[in-house]
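Q: For reference, the structure I am asking about is given below.
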Amino acid sequence: MPTYQAVLFDFFGTLTRSVQRGAAHRSTAELLGCPPRALVEVLDRTYYERACGRLGNAEATLRWVCEQAGVHPSDDAVRSAVASRHRAIRADTRLRDEAVPTLAALRRLGLRTGVISDCTHELPAFLPQLPIAPLLDVRVFSVQVGRCKPDPALYQAACRRLSLAPADCLYVGDGGSQELTGAERAGMTAVRLAAPDLAGHMVFNADAAWIGPALRSLDEVVDLVRATTVPPGPPLPAACGSC
């Protein structure tokens, strides 16, 4: 059996509970002068274009979204809407109760940890304020890399930053964006988090055909790696905030 040196996690729906757009998103639509349903429709169909970061910064991206929706807000309205959207996505983000204990336990076992996330500009901005931040050695965001899962570039970026081979890494995700297939093609071992709450999770391009191993709870990751890793070394120090 493999000996893992790192465990890499998806963020939304894996380290967090299931995600749905909450009521706070209505304020963003109102600031832009756009019917909420029209805004949601554009956001859904352009997710990967936005998550690849090719449309510019948050303001430029939201202005492009407005063009797709047929509205033309002022610069002040766009700036206010960017801040509103940041607050709304942050409000939708609820870490799993077991996220911090799981990451801490993995680090006590001597493993490195990290996040590989398809995301827009908001997550890189607020993740440093989350309690998991000091427990992550690497953070790879699609909006910064310019590619989305299952593109191997994201997995390779994490490996380079950790100075590890893909075979040294276990990848854990809920299966959105065909991330599990992507991780395996990149040379990692992949496992699906199939927590009960994910039945209502907002997900794009689900890895429906993937039939590998599944866990019902995030803390089961610790049990999985205990059977495949070397005896624990000294606890790792807090991760670098500039990773």
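The values are calculated or read from the model by the stated rules, or taken from the named source; none is laboratory data. Bear in mind that the values here come from a model prediction, so they are computed numbers and not experimental data. With ideal geometry, Cβ positions are generated from the backbone for all residues, glycine too; neighbour counts draw on all protein chains shown. Surface areas here come from the heavy atoms of the whole protein model, side chains and all, with no ligands, DNA or RNA. Shrake-Rupley method; radii C 1.70, N 1.55, O 1.52, S 1.80 Å.
Q: Does segment 179-198 include one or more residues that are assigned to a helix (DSSP H, G or I), open to solvent by 10 Å² or more (accessible area, probe 1.4 Å) and in contact with a helix residue (DSSP H, G or I) (Cβ under 8 Å, 6 or more places away or on another chain)?
A: yes
Q: Look at VAL115 and say whether it is on the phi < 0 side of the Ramachandran plot, modelled with pLDDT under 95, open to solvent by less than 20 Å² (accessible area, probe 1.4 Å) and not in a helix (DSSP H, G or I).
A: No; evaluated as a whole, the condition is false for this residue.
Q: May I ask you to list pairs of residues, at least six apart or on different chains, whose Cβ atoms are under 9 Å apart, with the first in segment 184-205 being at positive phi and the second being hydroxyl-bearing (Ser, Thr, Tyr) and part of a helix (DSSP H, G or I)?
A: That search, which allows pairs on different chains as well, returns GLY187/TYR155; ASN205/TYR47; ASN205/TYR48; ASN205/SER177.
Q: Quick check on LEU103: is it within 15 Å of ASP10 (Cβ to Cβ) and open to solvent by less than 10 Å² (accessible area, probe 1.4 Å)?
A: Judged against the criteria, LEU103 is a match.
Q: Let me ask something additional. Check ALA153 against each of (1) in a helix (DSSP H, G or I); (2) in contact (Cβ under 8 Å) with a residue 24 or more places away in the chain; (3) open to solvent by 10 Å² or more (accessible area, probe 1.4 Å) and name the one condition it does not meet.
A: Against the list (1) in a helix (DSSP H, G or I); (2) in contact (Cβ under 8 Å) with a residue 24 or more places away in the chain; (3) open to solvent by 10 Å² or more (accessible area, probe 1.4 Å), ALA153 comes up short only on (2).
Q: Under 7 Å between Cβ atoms, which residue pairs at least 6 apart in sequence (or on different chains) link something in segment 211-222 that is at negative phi with a partner that is surrounded by 16 or more Cβ atoms within 10 Å (Cβ to Cβ) and acidic (Asp, Glu)?
A: From residues that are at negative phi, the pairs are SER217/GLU98; LEU218/GLU98; ASP219/GLU98.
Q: Here's a follow-up. For segment 1-54, give me each residue that is within 26 Å of GLY175 (Cβ to Cβ), open to solvent by 40 Å² or more (accessible area, probe 1.4 Å) and outside any helix (DSSP H, G or I).
A: Of everything in segment 1-54, those that are within 26 Å of GLY175 (Cβ to Cβ), open to solvent by 40 Å² or more (accessible area, probe 1.4 Å) and outside any helix (DSSP H, G or I) turn out to be MET1, PRO2, THR3, GLN5, ARG17, GLN20, ARG21, ARG54.
Q: Let me ask something else. Restricting attention to segment 164-172, does a residue exist that is under 25 Å from ARG226 (Cα atoms) and either among the acidic types (Asp, Glu) or at pLDDT below 95 (or both)?
A: Within segment 164-172, one or more residues are under 25 Å from ARG226 (Cα atoms) and either among the acidic types (Asp, Glu) or at pLDDT below 95 (or both).
Q: Within segment 56-75, is there a residue that is surrounded by fewer than 16 Cβ atoms within 10 Å (Cβ to Cβ), in a helix (DSSP H, G or I) and among the basic types (Lys, Arg)?
A: No, segment 56-75 has no match at all.
Q: Could I ask something else about it? Under 6 Å between Cβ atoms, which residue pairs at least 6 apart in sequence (or on different chains) link something in segment 79-98 that is in contact (Cβ under 8 Å) with a residue 60 or more places away in the chain with a partner that is open to solvent by 30 Å² or more (accessible area, probe 1.4 Å) and assigned to a helix (DSSP H, G or I)?
A: SER84/SER27; SER84/LEU31
Q: Then there is this: Only one of these conditions is not met by ALA167: (1) touching a residue at least 60 places away in the same chain (Cβ under 8 Å); (2) more than 11 Å from the chain's Cα centre (by Cα); (3) more than 23 Å from GLY212 (Cα to Cα); (4) open to solvent by 10 Å² or more (accessible area, probe 1.4 Å). Which number is it?
A: (3)
Q: Here is a follow-up. Out of curiosity, is ALA81 part of a helix (DSSP H, G or I) and surrounded by fewer than 20 Cβ atoms within 10 Å (Cβ to Cβ)?
A: No, not satisfied.
One line per residue, one yes/no per condition, for (1) of a type in the set (Ser, Thr, Tyr); (2) modelled with pLDDT under 95; (3) in contact with a His (Cβ under 6 Å, 6 or more places away or on another chain); (4) closer than 14 Å to THR120 by Cα:
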{"residue": "ALA23", "(1), (2), (3), (4)": "no, yes, no, no"}
{"residue": "LEU31", "(1), (2), (3), (4)": "no, no, no, no"}
{"residue": "TYR47", "(1), (2), (3), (4)": "yes, yes, no, yes"}
{"residue": "ARG54", "(1), (2), (3), (4)": "no, yes, no, yes"}
{"residue": "CYS66", "(1), (2), (3), (4)": "no, no, no, no"}
{"residue": "ALA83", "(1), (2), (3), (4)": "no, no, no, yes"}
{"residue": "HIS86", "(1), (2), (3), (4)": "no, no, no, yes"}
{"residue": "THR93", "(1), (2), (3), (4)": "yes, yes, no, yes"}
{"residue": "ARG96", "(1), (2), (3), (4)": "no, no, no, no"}
